[in-house]
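Single-structure report; data block below.
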Amino acid sequence: MVIILFHFFLLYTAAAVGLAPPPTYPNGCQPTRCKRGAPSVRFPFQLKGRQHENCGSPGFNLSCDKKNQTVLELPKSVKLLVKRIDYVKQMIQVYAEDGCVQNQLPNLTMSSSPLNISTDSNYYSELGNFTLFECSDGDQSDYGNDKSIRCLSSKPGFYVKYTDSDYASTDLLHCRKTIDLKEVPYALLSPYWTGSNNFYFNWSRPACGYCEARHQGCRRNDTNPSGLECFVIPIKHMGARTKLMISGISIGSFFLALSLSVVLYMHHLHKKEKDAQRKIEQFLEDYKALKPSRYSYADIKRITFDFKEKLGQGGYGTVFKGTLSNDVSVAVKLLNNFKGNGEEFINEVSSMGRIHHVNVTRLVGFCADGYNRALVYEYLPNESLEKFIFGDKGENHFLGWEKLHEIALGIAKGIEYLHQGCEQRILHFDIKPHNILLDQNFNPKISDFGLAKLCSKEQSAVSMTAARGTMGYIAPEVLSRNFGNVSYKSDVYSFGMMLLEMVGGRKNIDVKVEHMSQVYFPEWVYNRLDKGEALGMSIENEEHDKIAKKLTIVGLWCIQWYPVDRPSMKSVVQMLEGEVEHLTVPPNPFASKDEMRAKLPINRELPTISE
């Protein structure tokens, strides 16, 4: 039904627009042009002889020459031909008919014009006073030709140069003064511009670009502070015959759309299935320059010895151990065919394929063979950080406080690289111990970019249609916009929660503790830290106590409720590298706990990823 209405709307609109008469502008100021193909002239410009003088703004005078070419008139008596006018960007492109705009510079006074020369640098657009000299070619070997204007030469063997200071650098033996120029833009004389006969002028007032961008007209209104106003362009009344034609075409279009919609609906299910594969193939085609190795499905089976050794199971697929031809061990994630619409695959390859950092897992290759998709990573023998901070199986895997500090700093540097070190900012959205892998030397590497999003570094917020991440690590603003916009600060929150788990050696939300006051560990540890009490962990000496305290303070800074109160990952790295004595305890993020939790959605059944 939606498809039917959509096609009906398109066809109806096309019919109405095609038969509708042209718009009517007030006071006879409708757009006009000198000839077919010439630029359209409307406010703030006024075409002399074809529009009333009130149709334009002072200083925006255009005219038609004998060849019906559009001419821009600049004070005092400069005439340039108009090539194009961009009313949205408020810019006009002009050129000289004889190919040498410098011929008219003696008659130019830009200070009295509302137009400004448009350049990439303010230096070239500044007005200045210059002196022209006619010099013989013998002067060039001594002083160079960087200030020459060839098109002004009047006789063979001579050229014209300019100076904007005194005559000290001019060889008066070979040069003679010709004319002084007043208030001329440097761009019209600079060697970077004199080789071109195309120049751009822009204007800031009247600022009609706002009206143009909204597809409205712009006209003078002396009662407004800006001196202008936007208006909706009225449409002439349509006759009965025109209305009848539109009605007939609309009815016919409706039945045509209905027929097309039935065909499209029958084709829809098959098309939807192939869209994901086509999307992936297009992405890989665009990614050729940076892509890791591409493997066929037969290669994947050979690498994993027909999926012999299973390493683990995740939400999007199963991980197997494999070996490349050079005896390098790899981990192969075989993705589920019917989950994620190919988005997990694209997220992983687009994110990890362009990352080269010691604290980020390296993507060795991938497979996109029909509907079989797999990702090939470097193999990390010590598995995930989760194994070494949670004693679920009664085994003592504690790494020591110095190593925990090294791991925390490495993870922070990896996240900072994702946020600032890549061409596009990468937001991970699933930072947790399970997704931090350890190599043979227990160096941390961030993995699993299935939920990642790419955005420009200038983008302060990202849009999300649903919450993503793992409960216990998801930032408040991801669940409810009452806390602020979703941004790179959401990864900072997840890192802070993980940091507190590394210190406490247990989940932040733990229902197996003896005292209910310790159920939410971040709040419990803040209260003890604030009172100067021992953190209740196996700390053997003062150095270990300093490390535990530093990690705790940094973690508490990172889990502030509002994103604006959290530090950037660059600041986090600096805090972890500094001394604990220089750190201050952050404000209590749990002071108004009930109020904060009231802002969270009542329905907690969000499409999040469980650990």
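Criterion first (free of Cβ contacts under 8 Å to residues at least 12 places away in the same chain, within 18 Å of the chain's Cα centre (by Cα) and over 24 Å from W524 (Cβ atoms)) does E423 satisfy it? In short, no.
Here H397 meets the list (1) in contact with a Gly (Cβ under 8 Å, 6 or more places away or on another chain); (2) in contact (Cβ under 8 Å) with a residue 60 or more places away in the chain almost entirely, failing just condition (2). Checking each residue in segment 459-495 for being surrounded by 19 or more Cβ atoms within 10 Å (Cβ to Cβ) and either among the β-branched types (V, I, T) or free of Cβ contacts under 8 Å to residues at least 12 places away in the same chain (or both) picks out T470, I474, V478, V486, V492.
Look through C218, C230, C211 and report the one residue that is at pLDDT 80 or above, within 30 Å of L115 (Cβ to Cβ) and part of a helix (DSSP H, G or I). From the options C218, C230, C211, the qualifying one is C211. G99: in contact (Cβ under 8 Å) with a residue 60 or more places away in the chain and at positive phi, yes or no? Taking the combined requirement at face value, the residue satisfies it.
In the set K546, K489, K550, only one residue is over 16 Å from I389 (Cα atoms), modelled with pLDDT of 80 or more and more than 38 Å from the chain's Cα centre (by Cα); that residue is K546.
So for segment 411-420 (the condition being farther than 22 Å from K489 by Cβ, surrounded by fewer than 23 Cβ atoms within 10 Å (Cβ to Cβ) and among the hydroxyl-bearing types (S, T, Y)), does at least one residue qualify? No, segment 411-420 contains no residue that is farther than 22 Å from K489 by Cβ, surrounded by fewer than 23 Cβ atoms within 10 Å (Cβ to Cβ) and among the hydroxyl-bearing types (S, T, Y). Taken together, F345, F307, F320 contain a single residue that is part of a loop (DSSP other than H, G, I, E, B), under 28 Å from Q440 (Cα atoms), at pLDDT 75 or above and not acidic (D, E), which is F307. Candidates are the residues of segment 452-464 that are part of a loop (DSSP other than H, G, I, E, B) and in contact with a Leu (Cβ under 8 Å, 6 or more places away or on another chain); the one that is modelled with the highest pLDDT is A452. Being without any contact (Cβ under 8 Å) to a residue 40 or more places away in the chain, surrounded by 15 or more Cβ atoms within 10 Å (Cβ to Cβ) and of a type in the set (D, E, K, R) holds for only one residue in K83, K67, K79, and it is K79.
The values are calculated or read from the model by the stated rules, or taken from the named source; none is laboratory data. Note that this is a predicted model, so its numbers are computed, not measured. Ideal geometry is used to build each Cβ from the backbone, glycine not excepted, and the neighbour counts take in all protein chains shown.
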